[in-house]
Amino acid sequence: MARNSRNNDWKDRLNVVYSTNPDFNYQVEEENSPDTLPRPQQRLRVQTERKNRGGKTVTLINGFVGKEEDLKELCKFLKSKCGVGGSAKDGEIIIQGDFKQKVIELLKAEGYTQTK
């Protein structure tokens with residue numbers, strides 16, 4: 001009597017202690033991530049920062065509205081074009097180094113028109 005593992009994942013039911021009902025199904029709330037805005041409508045801000053980074057300069061890209069997968073895809077594109085490392089999370093992309101002008105040019109070439 002195997003159950004569907006997708007519906008019975010222990011991580012999804014951490015707050016449920018026990019149920020005596022054999023037909024009980026755990027109700028999982030799915031997060032609604034906003035749809036990704038088209039590139040011309042994205043309002044991205046590009047800036048450099050050195051605070052709390054041990055004196056290292058990083059380039060920050062803020063203001064991305066959309067799914068986490070699209071943010072990571074944009075981050076991967078920028079990292080490969082700049083030839084450096086970085087990360088993407090919480091609507092923010094961090095590129096290691098001072099690449100502000102290069103990132104602005106790359107974003108405009110990709111169709112992101114509202115870049116500051």
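Just to be sure before I move on: is T113 out of contact with any Cys (no Cβ under 7 Å at 6 or more places or on another chain), among the β-branched types (V, I, T) and modelled with pLDDT of 90 or more in the structure I sent? Full working, then the answer.
Working: out of contact with any Cys (no Cβ under 7 Å at 6 or more places or on another chain): yes; among the β-branched types (V, I, T): yes; modelled with pLDDT of 90 or more: no.
Here the answer is no, as T113 does not meet what is asked.
Considering only the stretch 50-72, how many residues are surrounded by fewer than 13 Cβ atoms within 10 Å (Cβ to Cβ) and not basic (K, R)? Working first, answer last.
Taking the stretch 50-72 first, the residues surrounded by fewer than 13 Cβ atoms within 10 Å (Cβ to Cβ) are 50-56, 69.
Right, trim to not basic (K, R) and you get 52, 54-55, 69.
Looking only at that region, the number is 4.
Could you list, in sequence order, the residues of the stretch 65-105 that are under 16 Å from E49 (Cα atoms) and part of a helix (DSSP H, G or I)?
K100, Q101, K102, V103, I104, listed by residue number.
The values are calculated or read from the model by the stated rules, or taken from the named source; none is laboratory data. Owing to the predicted nature of the structure, the values given are computational and were not obtained by experimental measurement. Quick reminder, even Gly has a Cβ in these numbers, built from the backbone with ideal geometry, and neighbours come from all protein chains shown.
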